[in-house]
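Reading through the structure tokens given below for one structure.
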Amino acid sequence: MATVSSVVVFPMGGYVAALVPATPLTLPPLGTASRSVDTGGTPGGGDTEDVIVGGAMERLWTLNLKGTGYHITNVALHNNVLYAGSYGHLYAINPVSGAILWEQTPKGHAHSGGMNIQFTENNQLILGSEGYVSCFACNDGQELWKTSLPNTMYWGVNIVIQSDAIYVGTYSRVFGLRLDGTIMWSADLSRMRFLAPVVLSWVKGHSSSEDLLLVGGLGFVFTLRPSTGEIIKETSL
């Protein structure tokens with residue numbers, strides 16, 4: 001779910017719907033059950049989403065993301081534009097009107113139901129899925145670069161972006177990328193219990209210490225040095 005001004009956006013399998021408050025929004029009393037709102041996601045019938053609001057909601061628009069089937073749809077808001085990714089399709093959408101601003105079908109992400117969408121400080125969209133990381137211009141959808149992550153198969157890709165680098169984790173491996181997509185280093189974390197997706201977290205250092213990259217997976221937490229990928233610490237859970 002994402003919000004822009006008073007518009008609430010709900011991603012569904014192959015659809016995106018936008019709701020607006022029909023009456024002033026108020027928080028319900030503690031313990032009040034959520035209500036189901038028809039988001040119109042299924043042809044001939046309606047998908048419902050639980051909405052925890054005190055006022056009534058009306059559907060503003062519903063957009064069928066053609067070609068995506070009923071796969072997972074990931075959305076992200078950036079500079080008042082809604083971006084949606086599902087099953088090899090990437091969309092930029094006006095969140096108020098539902099109009100498609102541009103659409104891309106990037107190679108390498110063709111069958112991914114979970115597309116991770118992040119943004120750099122210079123208004124570029126970073127897309128991660130299925131062992132690839134791609135970069136697009138937010139204004140027109142032009143693909144600026146694409147990087148294959150070696151030996152990662154078709155897992156989802158988790159992303160952490162800093163001002164000077166992009167860090168991605170997938171299939172028990174972590175990569176440090178420059179902002180132009182070139183790989184600076186890779187770290188093999190296959191000591192995890194099973195080859196598994198990893199979760200990344202950035203830890204800001206104090207004035208006397210360096211920033212660190214934390215990597216979590218099944219049964220382990222690794223502390224990495226972001227500049228080199230060196231494993232500083234390994235903790236078995």
(message) Tell me which strands (runs of 3 or more DSSP E) are completely within region 76-168 and hold 2 or more residues being touching a residue at least 24 places away in the same chain (Cβ under 8 Å) and open to solvent by less than 10 Å² (accessible area, probe 1.4 Å), or say none if there are none.
(response) 81-86, 89-93, 124-129, 132-137
(request) Pull up region 61-75, narrow it to residues that are more than 18 Å from the chain's Cα centre (by Cα) and farther than 24 Å from Leu144 by Cβ, then point me to the one that is most open to solvent (accessible area, probe 1.4 Å). (result) Lys66
(request) Mind listing just one residue for me: the one in region 169-188 that is assigned to a loop (DSSP other than H, G, I, E, B) and in contact (Cβ under 8 Å) with a residue 40 or more places away in the chain and, of those, surrounded by the fewest Cβ atoms within 10 Å (Cβ to Cβ)? (result) Gly181
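The rows are residues; the columns are (1) at pLDDT 95 or above; (2) small (Gly, Ala, Ser).
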site: Gln124; (1), (2): yes, no
site: Ser129; (1), (2): no, yes
site: Tyr132; (1), (2): no, no
site: Phe136; (1), (2): yes, no
site: Gly156; (1), (2): no, yes
site: Ser172; (1), (2): no, yes
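The values are calculated or read from the model by the stated rules, or taken from the named source; none is laboratory data. In this text, all values refer to a predicted model and were calculated from it rather than measured experimentally. Please note: Cβ atoms are built from the backbone with ideal geometry, for glycine as well, and neighbour counts cover all protein chains shown. Each accessible area value is taken on the protein alone, full model and side chains, heavy atoms only, with ligands, DNA and RNA left out. Shrake-Rupley method; radii C 1.70, N 1.55, O 1.52, S 1.80 Å.
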